[in-house]
Each structure stands twice: as structure tokens, then as C-alpha cells.
1. Rounded to the nearest 0.05, what FRET efficiency is calculated for K246 and E311 with R0 set to 45 Å and r the Cβ-Cβ distance?
2. Under the rule a/c < 1.5 gives rounded, and otherwise a/b versus b/c splits prolate from oblate, where does the range 218-307 land using the Cα gyration tensor?
3. How much of the accessible area of the range 282-376, probe 1.4 Å, is carbon plus sulfur, in whole percent?
4. Filter the cross-link list K312/K487; K162/K276; K125/K276; K246/K276; K488/K512 down to pairs whose alpha-carbon distance in this structure exceeds 19 Å.
5. Considering the zone a paramagnetic label at F285 would reach in this model (a point 7 Å from Cα along the Cα-to-Cβ line), which residues of the range 363-382 have amide N under 18 Å from it?
6. Per residue, how much accessible area does the range 274-396 have with a 1.4 Å probe, in Å²?
7. Which FRET efficiency, nearest 0.05, do E479 and R60 yield, Cβ-Cβ r, R0 51 Å?
8. Could you order peptides 238-250, 330-342 by the average number of other Cβ atoms within 10 Å of their residues, highest first?
Amino acid sequence: MIGTLISQRLISDRLLSRPWTAPRTIAATAAAAATIGLLLLPVAGQARGAPDSFADLAARLSPAVVNISTTQVIKGSDKKKKPEFMVPKGSPFEDFFKEFLERNRPKNRGPRRATALGSGFVIDKTGLVVTNNHVIAEADEISVYLSDGTRLKATLVGRDAKTDLALLKVEPEGELPSLEWGNSDKSRVGDWVLAIGNPFGLGGSVTAGIISARNRDISSGPYDDFFQTDAAINRGNSGGPLFNMKGEVIGINTAIYSQTGGSVGIGFAIPSALAKRVINQLKEFGRTRRGWLGVRIQSVTDEIAESLGMEKAQGALVAGVGEDGPAGMAGVQPGDVIMSFDGQIVDEMRALPRIVANTRIGKTVKVEVWRKGALTVLEVAIAEMEESNTKVASLDTEAKPEVAKDVELLGMRLSALTEEARETFKVTEGAEGVLVLEVSAESSAAQKGLQPGDLIVEVQQNAVATPGDVGKQISKIRENNKTRKTKKVKTVLLLVERGGTKRFVAVQLDGKAKEKKDKAGKMDEKKKE
């Protein structure tokens, strides 16, 4: 069954002139649905039971939940397209088709106003309103409708596209009912939750469910850490609150997963632990202020972990370091694996950006890295992230390509990087390494995506400039395997550059592709259309 992960940032509330139509979606493949039964088994903990009714909560919380309407002026086009004819020029039918196309050409409609709907909630009695960034993105005018129908014009205090949050300000005649933040870190899978919002323009709609999962990554942004809930969330719920049974806001409803565009019981909410920090910064500065480390990272796979001598795959592998960034100045190197940051264990790569972003700017932290078989502790002074902080350092090496014969290693034909080869393969100016000329289709290298024109910059974290350098590193691994009493190394770690971007790839030492085993029930990776 094919499903669709609908990011409400991209669609739902951006109804514009074509209601209920999604401009963009993220396609995903859903696993077969399983029938869930109620198991009456004794439990060690004391869980809070379902309330007899949600009416008291709904009555108390609904006045602080608002509907949001935005207006955008879409400019018309004055350009007229020249009609295209499907008949030869000079044909007796030419005049007929010309007249027909001119008569049926769509007329220029000129500027028109389009509207979008969403939800929000009041966090301050003076008129501060929280919603999703995608609800108000590109809006020329923002209106907030209170539960009693009062319409208030809203101004934008600040917004953050990376977490899809926005803060608005309205000017009410008196004080507004407001909501309190809860601690989402204390929420557990299975806890009851309540959602209130404006689905399909039906304001004040209340739905209930449970937290189905935590820490969901839906490929929405670099800081994905969503709650999953089965409380019904539909188009228009974006920006609305998700409550615990104390009536505290523990999440902000943002996206749904659906085959039909309506709720199928899989919705996603931004946890309050993340949202509260962002909203407080928007309130104080009008923008977010995040910590910046200055590295480009990738996941540590089992093969990479083995090639680095790690017991298991964990941490964040540093693929590039900014020369002038905090990490570069502290001595972090490409090939390091960041194991912990400021006392927090980095279990997987995607955890590091969130940890760094939440670190106080200017703070000096201890960073533990795995480097060449041992742990090293570095001290890094965290800087503020800016849009321009995207520069990644290139590997400096004095080694120059030598004239050498092509060699076949690891299922690839390798060559020294000559000026002629640079021109042929359009190698990035200043790049150095060993050129990949051919890749065997049955090789591990092909399985990992290597292709002709790639540059091998390092082998086992040692710089290489000729095919002979690659061969020496491979020979060293094999010699060490002969005397190794523990587990033999079966993979080789390569630092590969393509189009100016470097990444680490672990290929099999024997060069053969590793047989893939399908896992029943595994979901396919989500891809953006």
C-alpha cells in the first residue's frame, strides 16, 4: 500500500486558490497495517488511565487556541505566449488553428488574492501567538481569529524555517486567555494527548489520542525530533497545540502521514522542549541564535566503524572541517568520530546538530573524538551559527601526483591525477588525490556509489596521491590482519571527493560487493518528489 507523508509545512494550510490540493508531498512506502489487540497483563508502573471525559479540559483550553488566516497577492502575468501550431507553415489549415488557439487562450486574470488557513495558540495574555512558519510563509496579511470570532490583525515577531516555528503579535483590547508550556521530555509513549485546532477551517475542533512514538525523523529539517500521535490531525491543524492531561502544551502539530490527504492516525508534533527554546529566542531577538561547530558530518555505518577499529557504529563522522570555524581552530580533523559533546553521548549522527544548536554561544565545551584507534578530548569554543557559515575546508597536502601506471584495486581502475585527466573529468580546481577511471559493476565500490571521475583523497585516514599510495595502505591492512589476534579488518575506509564535496566510504577489502539481505517489514527510505 502506497502512502504519503504530508508535511503541512508544504501543503495543508497553504490552500491558496485550489482548496485541498497539495503543491508538494514527500513519498514514502508504508508497512502493512497490523491489528492491535488489548493485552490485559500486569504492569510494574502505575499508568494514568483514560479520563471519563475530555470535556473539562476542552472547555478550559479552547479559548486560548486561535484560527489563523493569511492572504497573499498573486500577481498576474502580462506576457502572452505565442501559439504553437501542429501543422506545417503555409498549410491551408494554418489560419484555422491560429484563430482557434487565440480564441481559447487563457485570459490574463491579473493580480488576485489567495488565502490559507491554519491554527495557533496564545502563550502570553498580552497577545503573543505561536504557530508554524509554513502557515504564515509568504503571507502579505495575517489575521488571528479568537474563539469568540474576534478578528485581530497580526504582525510577525520572528520565525524559524529550520524548526517550522513562528511567533506573532496581536493587539487585543484586554487580556487574552493563554496556555502554559509542559515538559515534553517527561512525556512517554502511550500517554494520552489532546489536540485542538482548525482542520479544514472548522475551528475549535478537539481530538484525542496517545503518543504513538518519539524521536521521529521525517526528513523535514536538520533538527527533526517529532512526537508521533494518533490524535486526528488534518489540514488546518498546523500550528495548533498538543496537550497532556494537565492541560500543558507539550507539542505543536505540524505534519501528517496519509494515503488520502486526511488523517489516518499518524500525525507529527514538534516537542515543547525544542519549541519553547526557539520561541523564547524569537521573542527576545526576533530570530534564533544557535550554536555552531563548523563541521560537515555523516553517519557511522557498521563498515566504517569496523575500518576505524570501533566496537560498534555510533557517533558522528567528521567529513569536513571549516578552516575558520570553532572545530577547525580546536583541532578537529576530517575522519574524527565525535563520540560525546559537552558531556552528552552522541549515539547517532543526527543527534549532534540538535545538541550543538542548543549549546550556549561562547561556551567552551569538551568534545570527545575517536581518532586513529583511540579517544581524544578537545576543547571547543562554540560560535553562533550564521547563514554564511557553510565553508568546508579542503584537505591540504604537499603530495603531488606522480606519473604512474593505472592499477586495479578494490574493484576499481585507478590513475594518477594528470592535467589531461583534470580537464576530461572536470575535476574541481585545486583538488588532489587518486582518480577513479573505472568501477566494476560487481564491486563493493559500485555498491557504495563510487563512479568514474571520483577522487580518492585518503585511505584509512592517510593522504594518497598515486595509485601506489592506495596499494601501500591496502597492503598494510592485510599485513596487520596476519598478526591480528582479534577480529580481522574486512573493510577499507576511503575519503572520496566529488564536485568539491568529500564523504567517507567503507568498501570491502576483497573488492567484492556485499550481499544485501532484505528485512521483512522495513519501510523504504522517504524521498522528496
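1. On the way: r = 42 Å, r/R0 = 0.94.
Computed FRET efficiency for K246 and E311 comes out at 0.60.
2. Details: a/c = 2.33, a/b = 1.27, b/c = 1.84.
Taking the square roots of the gyration eigenvalues as a ≥ b ≥ c, the range 218-307 is oblate.
3. Numbers: 1930 of 4250 Å².
C and S fraction of accessible area: 45 percent.
4. Values: K312/K487 13 Å; K162/K276 14 Å; K125/K276 17 Å; K246/K276 17 Å; K488/K512 16 Å.
Pairs exceeding the cut-off: none.
5. 363-365, 381-382
6. Details: 5990 Å² over 123 residues.
Averaged over the residues of the range 274-396, the accessible area is 49 Å².
7. Details: r = 73 Å, r/R0 = 1.42.
Step by step, r from the Cβ atoms, then E = 0.10.
8. Details: 238-250: 24.9, 330-342: 21.2.
The packing order, highest mean first, is 238-250, 330-342.
The values are calculated or read from the model by the stated rules, or taken from the named source; none is laboratory data. The model shown is predicted, which means the values in this text are computed figures rather than measured ones. Every residue, glycine among them, receives a Cβ derived from its backbone with ideal geometry; neighbour counts consider all protein chains shown. Only protein heavy atoms, including side chains, enter the accessible area calculation; ligands, DNA and RNA are left aside. Shrake-Rupley method; radii C 1.70, N 1.55, O 1.52, S 1.80 Å.
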